[in-house]
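Report on the following structure.
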Amino acid sequence: MRPLQTTSLASARRIASNLIQAKPVIQSRAFAAQAQSLGAQSRLSRTARRLASFPGTPVERQQQKQAQQQCGRRTYSSEAASGELMKTCLHDLHVSHGAKMVPFAGFSMPVLYPDQSLTQSHLWTREHASIFDVSHMVQQTFVGPKAGLFLEKTTPCAARSMEIGTCQLSCLMLEETGGVVDDCMISRIGEEQWYVVTNAGRREEDGEFFTDAMVKEGLVAEGEEGGPMAMDGGVMWGLGSGMGMVALQGPEAKDVVSKCMELGEGQGEWKDFFFGRISFAKIDVGEGEGGKVGVLISRGGYTGEDGFEIGMIDPGMGEKVVNTLVKAGEGKVKLAGLGARDSLRLEAGMCLYGHDLDEETTPVEAALSWIIPKDRRSVEYDPKFPGRDRVLGQLKTKAKGGQGVDRRRIGLKVENGPPAREGAMIEQDGKTVGTVTSGMPSPSLGSNIAMGYIEDGLQKSGTEVEVVVRGRKRKATVTKMPFVESKYYRG
């Protein structure tokens, strides 16, 4: 891919189209060439160029069946526009292990494996470690002298102030309302290089969002291919839709990576690789010096456990990478699917886009104000992030003279019985005061938990409400999240 300062609008639209269709179009050579031409001298940048070159009890079975049915209705029902499901580079591995495959965000994805029930897989992750295929997620890079500025114009992230080798949660936002287009992870991997991971189910919307933003900022020419340079500098938007990505989650994860992986040059030891860090790394798949596969690894994840997300895996090496991690686990690492991933993230109090987050919801309403750095809350900060005027007004509560919000995301502990699922009404004194967006029995707690939105003023922990489940009111109590204590490694 050529730098976007010499790319036409038509080319930018094709880039977005590739993103939407999830074609394997990683521009690794262009990534390396651009990094070299920009003169990036950091150790991470040099590493970037090298990388670029290359079955349970009857009760558990019933719980599993119910959860799978719910997943089919709620979380795992999206299909590709053509009706044909896409496959990740690990699809054959899932099938060979007998995984139950289901449609999710246009992909055929594993929901669970035959050796464990959903509950067993969930608890195994909490006690040992599990590997999740997240290759359906959209991996992309933004490189160039204007890349950080561009990300600050499209997200509330302070991209230019990020330390190289760090990552943070952020979101794409609408200018008019401050609504969340998608949540994302933004990592700074070089002086002028950022790595952004967005949701598979939002690839079309995200592709259009970034393309429209580039047109608005003059980063693409409004002419034919090879049109005039639009800016002095620019941004190269590289897509890695065909690349592999896995999440290794659980208390055994740190021992596994230390046995088969080495961090990038100058990155120190694993004990110094804390939550929120990212590095280029190599994993030894056991084929001599030529068997060391270059990847990106970050410490964190979607379960609340200590763990790692390993991305930019060459699609031809995906199975070898997973098999290497399983072998290094010495019986303590198992494959896990979307079912356990959903219950783990709910216990961790994390949002699932399309259920707990959408374009009608702002970060403040979603209890995600913390993703907006302090300096970006200043009206003097340039540039503005989309929806800043509305969001900054919401940060100040109505009680203190601000705009505030009418609803807030909260956690709920629900009395025993059928769990409160998405769409269940939250009531107090016979009045509807909110809606459940996610809910299920918690395998770790042995009780029902839920997440949802409730009227502002009722979000205090301990507030008693009721949820309507199958036409019957059940007692519930507002509670702080996460439901299960997070175990992120901070040293």
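Numbers for the structure displayed
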quantity: Single condition E305 does not satisfy, out of (1) at pLDDT 95 or above; (2) charged (D, E, K, R); (3) more than 23 Å from Y195 (Cβ to Cβ); (4) in a loop (DSSP other than H, G, I, E, B); calculated: (3)
quantity: Search result, residues across the stretch 126-156 that are within 19 Å of E205 (Cβ to Cβ), assigned to a loop (DSSP other than H, G, I, E, B) and either in contact with a Leu (Cβ under 7 Å, 6 or more places away or on another chain) or not aliphatic (A, V, I, L, M) (or both); calculated: H136, T155, P156
quantity: Pair list, Cβ < 8 Å and 6+ apart or interchain, from the stretch 160-179 residues that are over 22 Å from G207 (Cα atoms) to residues that are assigned to a loop (DSSP other than H, G, I, E, B) and modelled with pLDDT of 95 or more; calculated: S161/P373; I164/E191; T166/G276
quantity: In the stretch 240-261, the residues that are touching a Phe, Trp or Tyr at 6+ places or on another chain (Cβ under 6 Å) and of a type outside the set (A, V, I, L, M); calculated: S258
quantity: When residues of the stretch 434-471 are limited to those that are among the aliphatic types (A, V, I, L, M) and touching a Pro at 6+ places or on another chain (Cβ under 6 Å), the one surrounded by the most Cβ atoms within 10 Å (Cβ to Cβ); calculated: M440
quantity: Residue in the stretch 266-285 that is touching a strand residue (DSSP E or B) at 6+ places or on another chain (Cβ under 7 Å), among the basic types (K, R) and not in a helix (DSSP H, G or I) present; calculated: yes
quantity: Hits in the stretch 92-125 - residues which are part of a strand (DSSP E or B) and of a type outside the set (V, I, T); calculated: K100, M101, P103, F104, F107, S108, M109, P110, L112
quantity: Residues of the stretch 432-491 that turn out to be of a type outside the set (G, A, S) and under 27 Å from the mean Cα position of the chain (by Cα), as a count; calculated: 25
quantity: Pick from the stretch 378-416, criterion in contact with a strand residue (DSSP E or B) (Cβ under 6 Å, 6 or more places away or on another chain) and under 26 Å from F483 (Cβ atoms), ranking: surrounded by the fewest Cβ atoms within 10 Å (Cβ to Cβ); calculated: E415
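The values are calculated or read from the model by the stated rules, or taken from the named source; none is laboratory data. Keep in mind the model is a prediction, meaning the values are calculated, not measured. Cβ sites come from the backbone with ideal geometry, for glycine too, and all protein chains shown count toward neighbours.
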